Amino acid sequence: MERRKILIVDDDREIVELIALYLAGENYDILKAYDGRQCLNLLKEKEIFLLVLDVMMPELDGLAVCESVRQTSNIPIILVTAKTAPMDKVKGLSTGADDYITKPFHPLELVARIKAQMRRYTELNPLGGHSAEIVLKDLVINAEGHTVMKGDVLLNLTPKEFDILVLLAQNRGQVLSSEIIFERVWKENAFEQDNTVMVHIRKLREKLGDDARKPKYIHTVWGVGYKVER
């Protein structure tokens, strides 16, 4: 059985080698990159299961890489950064990262976080495979047929409402900002999206029978964005 690949990205080569050293006995195949563009190229060439990504890098920083990866993949991403302010963490998580660790850190803590994210992705996340059917509580979402069943009731969603629901379900546990949702669903720049996403999510909640005050499906993370729980 092929070992699962972890990609470590940092412009500080000593940190890359240190992380790789601590992961050496964990039965992973370790790949290394030293800038954002090299990282994206490796992601196109290899089947990566988890990404350890430094935020502050020249040319293409970690946040830009994270946003790019999230357009096509829901692999776990752990951001590594020297920034410690709460808003830096919020910004990192809102780009689609699953976890966030600040420098300096103990390598064993990072290893523990990596193993936890790998377990969630490969064992607990029903989207770890390639099934076109997504089960979210009592919803059955068919990505190929563009249908959503709630019990034995077929929900009448618009294409945009359906795409928002699929996007959130494919990235369950992650907080997605309105800007990211708009850019991925509408395929346009989010600078002038106004309240478009909020309005669509309100209508989507109505069709799902979801109470925004006590949500069953779509949770609002105030000041950050929206998510569905694992």
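The values are calculated or read from the model by the stated rules, or taken from the named source; none is laboratory data. Quantities reported herein were computed from a predicted structural model and do not represent experimental measurements. Using ideal geometry, Cβ is built from the backbone for each residue, glycine included, and neighbour counts are taken over all protein chains shown.
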Among the numbered conditions (1) farther than 19 Å from Ser94 by Cα; (2) touching a Ser or Thr at 6+ places or on another chain (Cβ under 7 Å), tell me where Val175 comes up short. (1)
What number goes with the only condition from (1) more than 23 Å from Arg172 (Cα to Cα); (2) under 17 Å from the mean Cα position of the chain (by Cα); (3) not small (Gly, Ala, Ser) that Glu59 does not pass? (2)
With the checklist (1) surrounded by fewer than 17 Cβ atoms within 10 Å (Cβ to Cβ); (2) more than 21 Å from Gln170 (Cβ to Cβ) in hand, flag the one item Lys32 doesn't pass. (1)
Report yes if Asp98 is touching a Pro at 6+ places or on another chain (Cβ under 6 Å) and either modelled with pLDDT under 85 or more than 19 Å from Arg120 (Cβ to Cβ) (or both), otherwise no. yes
Pull up the range 208-224, narrow it to residues that are free of Cβ contacts under 8 Å to residues at least 60 places away in the same chain and not charged (D, E, K, R), then point me to the one that is farthest from Met87 (Cα to Cα). Gly209
Under the condition of being touching a helix residue (DSSP H, G or I) at 6+ places or on another chain (Cβ under 7 Å) and of a type in the set (A, V, I, L, M), which residue from the range 76-102 is surrounded by the fewest Cβ atoms within 10 Å (Cβ to Cβ)? Ile101
What do you reckon, is Leu51 aliphatic (A, V, I, L, M), assigned to a strand (DSSP E or B) and under 22 Å from the mean Cα position of the chain (by Cα)? yes
Which one of Arg70, Arg113, Arg119 is under 30 Å from Lys137 (Cβ atoms), exposed (fewer than 15 other Cβ atoms within 10 Å of the Cβ) and not polar (S, T, N, Q)? Arg119
Is there any pair with a first residue in the range 6-29 that is at negative phi and of a type in the set (Phe, Trp, Tyr) and a second that is surrounded by 14 or more Cβ atoms within 10 Å (Cβ to Cβ) and not in a helix (DSSP H, G or I) whose Cβ atoms are under 8 Å apart and which are 6 or more apart or on different chains, and what are they? Tyr28/Arg4; Tyr28/Lys5; Tyr28/Ile6
